[in-house]
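Before anything else, here's the structure in question.
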Amino acid sequence: MKLLASPASPYTRKVRVVLAEKRIDCEVQPVDVNAGDNPVIAHNPLGKIPTLVLDDGTALFDSRVIVEFLDNVSPIARLIPEDNRERVAVRRWEALADGVLDAGLLLRYESLRPKREQSASWAEKQLGKVKRGLALMAADLGEAPWCHGERYTLADIAVGCCLGWLAFRHPSIDWRAEHPNLARHFDKLMARSAFAETVPSA
């Protein structure tokens, strides 16, 4: 298998953490999706990363699809529960974390546009989504040891990647001060080798 990826992408990081937790060997090929000859398009018509190319040439895209596939490839360290309600609860956490990231990415892209073309009201709308999402994460986590249930799951991975990216790209959003329980949980996650080895860069 080969993962077409960017070291700065939080969605790529989620997949890489899952690969590490599942102990699955996979070549990681860094790509530039902004290049005119974006190499991802040959495998994914959307031209987005992460894209996982399987041994038979089949391409999987969208990090949620990829991590579900990987969790079923190996029985080691199952990250998504089999029970329907438990599984949906974990995937809800993932959807929340990814939704915060979606808004954070739009906020970043807006900040990179020429100043005269930026929309303060539109940026504020995205920031509102980020802040409300973080507030819900903090409320749902409370003082529990893990995001869902009594063990580490994909929910924790998604939240850790989300918070790590916000710290990397939006340091002005002080979620640590506003939500100390998220900060404690994040620090616990960063102590895991799968997270320590996939710190976003570039």
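The values are calculated or read from the model by the stated rules, or taken from the named source; none is laboratory data. All values reported here derive from a predicted model rather than from experimental measurement. Please note: Cβ atoms are built from the backbone with ideal geometry, for glycine as well, and neighbour counts cover all protein chains shown. Side chains are part of the model used for accessible areas, which takes the heavy atoms of the whole protein and leaves out ligands, DNA and RNA. Shrake-Rupley method; radii C 1.70, N 1.55, O 1.52, S 1.80 Å.
In the stretch 98-202, what percent of the accessible surface is made up of carbon and sulfur (1.4 Å probe, ligands and nucleic acids excluded)?
Carbon-and-sulfur percentage of accessible area, whole number: 55.
Separate question: Considering only DSSP states other than H, G, I, E and B, which trypsin sites (Lys or Arg not before Pro) in the stretch 1-55 qualify as loop sites with at most 12 other Cβ atoms within 10 Å?
Taking the stretch 1-55 and a limit of 12 other Cβ atoms within 10 Å, the loop trypsin sites (Lys or Arg not before Pro) found are Arg23.
Here's a follow-up. Under a 1.4 Å probe, what is the accessible area of the chain per residue, stated in Å²? Don't jump to the answer; show the numbers that get you there.
Details: 10190 Å² over 202 residues.
Per-residue value: 50 Å².
Then there's this: Given Lys14/Lys129; Lys14/Lys115; Lys14/Lys125; Lys22/Lys48; Lys129/Lys188, which pairs have Cα atoms separated by over 30 Å?
Too far apart for the 30 Å limit: Lys14/Lys115.
May I pose another question? Please say if the chain is rounded, prolate or oblate, where rounded means a/c under 1.5 for a ≥ b ≥ c the square roots of the C-alpha gyration tensor eigenvalues, and otherwise the choice is prolate for a/b larger than b/c and oblate otherwise?
oblate
Let me ask you something else. Starting with the highest mean, order 140-151, 26-37, 49-60 by the number of other Cβ atoms within 10 Å, averaged over the residues of each peptide. Spell out each step's value before the answer.
Numbers: 140-151: 14.3, 26-37: 12.3, 49-60: 16.9.
Per-residue mean Cβ counts within 10 Å order the peptides as 49-60, 140-151, 26-37.
Quick one: if you stick a label point 7 Å off each Cα along the C-beta vector at Ala191 and Ala77, how many nm between them?
Calculated label separation equals 1.6 nm.
Using a 10 angstrom cutoff on alpha carbons, build the Gaussian network for the chain and name the most mobile of Asp156, Asp83, Asp102.
For the chain, modelled as a Gaussian network with Cα springs under 10 Å, the answer is Asp83.
How high is the relative contact order of the chain? Use alpha-carbon pairs under 8 Å, at least six apart in sequence, and give a whole percent.
24 percent
Can you check what the net charge comes to around Ala202, using other residues whose Cβ is under 15 Å from the Cβ of Ala202 (Lys, Arg +1; Asp, Glu -1)? Let's see the in-between values first.
Values: positive: Arg13, Arg16, Arg108, Arg169; negative: Asp32.
Net charge in that neighbourhood comes out at +3.
With a/c under 1.5 counting as rounded, go ahead and sort the stretch 42-100 into rounded, prolate or oblate using the C-alpha gyration tensor (a ≥ b ≥ c being the square roots of the eigenvalues; past the cut-off, prolate if a/b is larger than b/c, else oblate).
oblate
On to the next question. Would you calculate a helix-derived [θ] at 222 nm for the chain, using -39,500 (n - 2.57) for each DSSP H run of n ≥ 4 and dividing by the full residue count, to the nearest 500?
Helix-only estimate at 222 nm: -17500 deg cm²/dmol.
Place the peptides 41-47, 129-135 in order of packing, highest mean first, counting for every residue the other Cβ atoms within 10 Å and averaging per peptide.
Working: 41-47: 14.4, 129-135: 17.4.
Highest to lowest by the protection proxy: 129-135, 41-47.
If you place +1 on the Cβ of every Lys and Arg, -1 on the Cβ of every Asp and Glu, and leave all else neutral, what size is the dipole of the stretch 6-96 about its Cα centre, to the nearest 20 Debye?
Values: 12 positive and 14 negative charges, 86 e Å.
In total the dipole reaches around 420 debye.
Which aspartates and glutamates does Lys131 reach when only Cα atoms under 13 Å apart count, and residues fewer than 8 places away in its own chain are ignored?
Within the straight-line limit of under 13 Å, Lys131 reaches these aspartates and glutamates: Asp102, Asp174, Glu178.
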